[in-house]
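Engineer: One structure follows; several queries about it will come next.
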Amino acid sequence: MKKYILVTGASSGIGKQTVVELAKKSTDYVIFAAIRKREDKALIEHVSKNIIGVYLDITNKASILKALKFITSKTKVLDVIVNSAGSATAGPIELLNINDIKNQFEVNTFGPLFLFQTFLPILNKNGKIININSMAQTGIFPFIAPYCASKRALSIFLNALNIELKNDKNIKIIEINPGVVQTPIWQKSVKACFENLRKTNNKTLLNSYHNELNVLKNNAQKNETKGLFAIDIANLIIKIIKNKNPKSRYNIGLDSHFAFLISKILPYEFLNRLIKFKLKTLK
């Protein structure tokens, strides 16, 4: 029996790997791979005849509605929505452009939320929404506050949606919180951060963050070669799709488990002092 799956962020990273692995696992999966660039459509469809590229910009309502129209021309029901679209905004809060912070919420919070609202009417009453979140939603990571806050905000919305859905719908809403994953997201983020900070007029304030920004840059470089692989997340997604009664939350990676643990058991004041001390030792 065919199962229709929409995967956002399918041009790279976790989204792309998920599309590829789904196509490998079963010919019964029909995968709508949401991409933003025209050249990505041919590349992703070349992997399997069961993959259908669909243009979708998570920050553009018209694009999401157009994607809905295209998908409903192929099927009247979706079985699974996997949201892996996302970006990261990094930098000291007092130097960040407020528009960059707003854009972070458009990509990581408001866009996915509108996507779910739009596709819920065609989601199978026993369907699944799988959202790729992050351990960053714990809020214990300095200099990536927009990313942390936007991820936490969507988590709150989805938890509320899980409670609010009517009893005639057995839709499962699942959140995956990976630790560090070997994708280019942080290198892109830090590159954009440094480009934006060069435009600031307050060079004295910028220079005061010199050591912290170097730590941020070095961590971004390390993250490309350590941590989880995208395929680890993709395999977990496939297990969740196959599971009739999945959990509502999966933390994957030792760093993710540790982040959630210490954010729960340690008082804020102590935890903040600990993080500040750690930053000083890394200078």
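Engineer: One residue is enough: does the stretch 92-115 have a residue meeting the conditions among the small types (Gly, Ala, Ser), modelled with pLDDT of 95 or more and touching a Leu at 6+ places or on another chain (Cβ under 6 Å)?
Structural biologist: No, because not a single residue in the stretch 92-115 is among the small types (Gly, Ala, Ser), modelled with pLDDT of 95 or more and touching a Leu at 6+ places or on another chain (Cβ under 6 Å).
Engineer: Going through the stretch 66-84 one residue at a time, which ones are over 21 Å from the mean Cα position of the chain (by Cα) and not in a helix (DSSP H, G or I)? Please lay out each step first, then the result.
Structural biologist: Narrowing the stretch 66-84 to residues over 21 Å from the mean Cα position of the chain (by Cα): 66, 69-77.
Passing the criteria: SER73, LYS74, THR75, LYS76, VAL77.
Engineer: Let me ask you something else. Considering (1) at pLDDT 85 or above; (2) part of a helix (DSSP H, G or I); (3) in contact with a helix residue (DSSP H, G or I) (Cβ under 9 Å, 6 or more places away or on another chain), say which one ASN162 fails and leave the rest.
Structural biologist: Among (1) at pLDDT 85 or above; (2) part of a helix (DSSP H, G or I); (3) in contact with a helix residue (DSSP H, G or I) (Cβ under 9 Å, 6 or more places away or on another chain), ASN162 violates only (3).
Engineer: Okay, moving on. Here are the criteria: (1) buried (at least 17 other Cβ atoms within 10 Å of the Cβ); (2) part of a helix (DSSP H, G or I). Tell me which single one SER87 does not satisfy.
Structural biologist: Exception for SER87: condition (2).
Engineer: Does VAL47 satisfy the criteria of being free of Cβ contacts under 8 Å to residues at least 60 places away in the same chain and either exposed (fewer than 14 other Cβ atoms within 10 Å of the Cβ) or more than 23 Å from SER150 (Cβ to Cβ) (or both)?
Structural biologist: yes
Listed here are the residues, each with its yes/no results for (1) closer than 18 Å to LEU120 by Cβ; (2) in contact with a Ser or Thr (Cβ under 7 Å, 6 or more places away or on another chain); (3) hydroxyl-bearing (Ser, Thr, Tyr).
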position	(1), (2), (3)
LYS16	no, no, no
VAL19	no, no, no
PHE32	yes, no, no
ARG38	no, no, no
LYS41	no, no, no
ASN50	no, yes, no
VAL54	yes, no, no
PHE70	yes, no, no
THR75	yes, no, yes
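Engineer: Continuing with this model, one more query. Considering each of LYS199, LYS244, LYS226 in turn, give the residue that is closer than 30 Å to LYS172 by Cα, among the basic types (Lys, Arg) and either part of a loop (DSSP other than H, G, I, E, B) or in contact with a strand residue (DSSP E or B) (Cβ under 7 Å, 6 or more places away or on another chain) (or both).
Structural biologist: LYS244
Engineer: Okay, next question. Working only within the stretch 11-44, note down all residues that are over 19 Å from ILE241 (Cβ atoms) and without any contact (Cβ under 8 Å) to a residue 40 or more places away in the chain.
Structural biologist: Scanning the stretch 11-44 gives SER11, ILE35, ARG36, LYS37, ARG38, GLU39, ASP40, LYS41, ALA42, LEU43.
Engineer: Being under 30 Å from ALA10 (Cα atoms), surrounded by fewer than 17 Cβ atoms within 10 Å (Cβ to Cβ) and modelled with pLDDT of 80 or more: is that true of ALA192 here? Working first, answer last.
Structural biologist: Working: under 30 Å from ALA10 (Cα atoms): yes; surrounded by fewer than 17 Cβ atoms within 10 Å (Cβ to Cβ): yes; modelled with pLDDT of 80 or more: yes.
Taking the combined requirement at face value, the residue satisfies it.
Engineer: Let me ask you something else. Against the conditions (1) of a type outside the set (Val, Ile, Thr); (2) without any contact (Cβ under 8 Å) to a residue 24 or more places away in the chain; (3) more than 30 Å from LYS125 (Cβ to Cβ), where does SER189 fall short? Just the number, please.
Structural biologist: (2)
Engineer: In the set THR18, THR75, THR59, THR118, which member is among the hydroxyl-bearing types (Ser, Thr, Tyr), at pLDDT 95 or above and buried (at least 20 other Cβ atoms within 10 Å of the Cβ)?
Structural biologist: THR18
Engineer: Continuing with this model, one more query. Looking only at residues that are aliphatic (A, V, I, L, M) and either closer than 18 Å to GLY179 by Cα or free of Cβ contacts under 8 Å to residues at least 60 places away in the same chain (or both) in the stretch 241-260, which one is surrounded by the fewest Cβ atoms within 10 Å (Cβ to Cβ)?
Structural biologist: For the stretch 241-260, the residue satisfying everything is LEU254.
The values are calculated or read from the model by the stated rules, or taken from the named source; none is laboratory data. These numbers were taken from a predicted model, which means no experiment stands behind them. Cβ atoms come from the backbone with ideal geometry, glycine included; neighbour counts cover every protein chain shown.
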